[in-house]
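Read-outs throughout are calculated quantities, based only on the coordinates presented, and are distinct from any laboratory measurement. This is a predicted model, so every value here is computed, not measured. Note that each Cβ is placed from the backbone with ideal geometry, even for glycine, and that neighbours are counted across all protein chains shown.
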């Protein structure tokens, strides 16, 4: 006896049929270069990193991990490992990435340092720093040379010299008029790195023609796109004349 109730695809011939997942949640057909995020991250300076971290800390989307991204990572362990390998290849370890970013920052500041040297400002700062070092070393050295047993005087003098070192260093930093080295927290930088991994992961999956929802693609790339916006803003400040 022929069964006329079901259609060839298995759905019921009569009544309302349920929509397919693809109809309710369109899958992405966008192609993204697999190494785009990792290569872009390798060109960040310390200032770019600091701006990206600040922007991420202020973004509501970064307060909690997106469930669709977490599920994507869990369901694709091999591609996740591949994404981590690509990121490590371009960035190295966390320390290597920071050193590379510091080198890029130094190159960007080369013109500023050159101006200071041409005007004699750099030489002045160097002489002041040398004078500060001598002034800080001389009192403890004198106490050690004349009265080694007076530990109280030595400790008090050391504390005063330490405070003077902080105050003098701060003053010379302001006097030098060179942008201050930004503070990069390792844990926050690790979050940025995971954003790079997420963007690389979704690029790998799309390159393999995997079915990934548009919303998941957007969520996985949100962190990397935030980094790009922050880096562009930081570069705009650096290159202003």
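Computing Rg and the Kirkwood Rh from the Cα coordinates of the stretch 89-238 gives a ratio, Rg/Rh, of 1.20.
To make sure I understand, if each residue's beta carbon is the centre and we count other beta carbons within 10 Å, what order do 181, 49 fall in, fewest to most?
Numbers: 181 12, 49 26.
Exposure proxy ranking, most exposed first: 181, 49.
Among 155-162, 84-91, sorting by the average number of other beta carbon atoms lying within 10 angstrom of each residue, highest first, gives 84-91, 155-162.
For the stretch 115-176, the relative contact order works out to 46 percent when only alpha carbon pairs closer than 8 Å and six or more residues apart are counted.
Working ranking of peptides 190-196, 213-219 by packing, defined as the average number of other Cβ atoms within 10 Å per residue, highest first, is 190-196, 213-219.
Using a 10 Å cut-off on Cβ atoms, rank the peptides 198-210, 69-81, 221-233 from the highest mean neighbour count down.
On the way: 198-210: 21.3, 69-81: 14.9, 221-233: 19.0.
Packing order, densest peptide first, comes out as 198-210, 221-233, 69-81.
Equivalent-ellipsoid semi-axes for the stretch 115-176 (Cα gyration tensor, √(5λ), whole Å, largest first): 31, 12, 4.
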